[in-house]
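Engineer: Before I ask anything, here is the structure I am working with.
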Amino acid sequence: MSAISWLLVLSGVLLNACAQLLLKAGTNSVGTFSFTADNVWPIGLKLASERVGAGIISLPLFPGMDEDDVERVCAAVSEVLRGAVS
């Protein structure tokens, strides 16, 4: 085994150890949780939808919107995006 291969393997092992320690610290801060038949479905849906919800934006659109409504929505979106960039 060459020195570079050995260093790559050692780096991978150390990164894995750090990840495991961080994961353990995270689970300790959350505490224990028991899955039951009553809470598996709602929690599973919440976990599955959080990732999707983080990347989706829904704008109010309907036929009765007038020009003022459109301007208000555009201004609100611009304000949020300016805050995200700065």
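Engineer: Which helices, counted as full DSSP H runs in the chain, have an axial Cα extent of no less than 20 Å and a Kyte-Doolittle average of 0.0 or above?
Structural biologist: Once both thresholds are applied, what remains is 3-30, 67-85.
Engineer: Additional query: Report D for the chain in µm² per second (integer): Stokes-Einstein, Kirkwood Rh on Cα pairs, 4 °C, 1.567 mPa s.
Structural biologist: Roughly 69 µm²/s, to the nearest whole number.
Engineer: Determine ³J(HN,Hα), in whole Hz, for all residues of segment 56-63 in sequence, where each value follows from phi through the Karplus function 6.51 cos²θ - 1.76 cosθ + 1.60 and θ = phi - 60°; x replaces Gly and Pro.
Structural biologist: 10, 10, 10, 9, x, 9, 7, x
Engineer: With Cβ to Cβ distances under 13 Å as the rule, what net charge do the other residues near Ala76 carry (K, R +1; D, E -1)?
Structural biologist: Neighbour charge sum, excluding Ala76 itself: -2.
Engineer: Based on Cβ point charges of +1 for Lys and Arg and -1 for Asp and Glu, what charge dipole magnitude is obtained for the chain about its Cα centre, in debye rounded to the nearest 20?
Structural biologist: 760 debye
Read the figures in this text as sums done on the coordinates, not as results from a lab. Nothing here was measured: the structure is a model prediction, and the numbers come from that model. Note: ideal-geometry Cβ built from the backbone for every residue, glycine included; neighbour counts use all protein chains shown.
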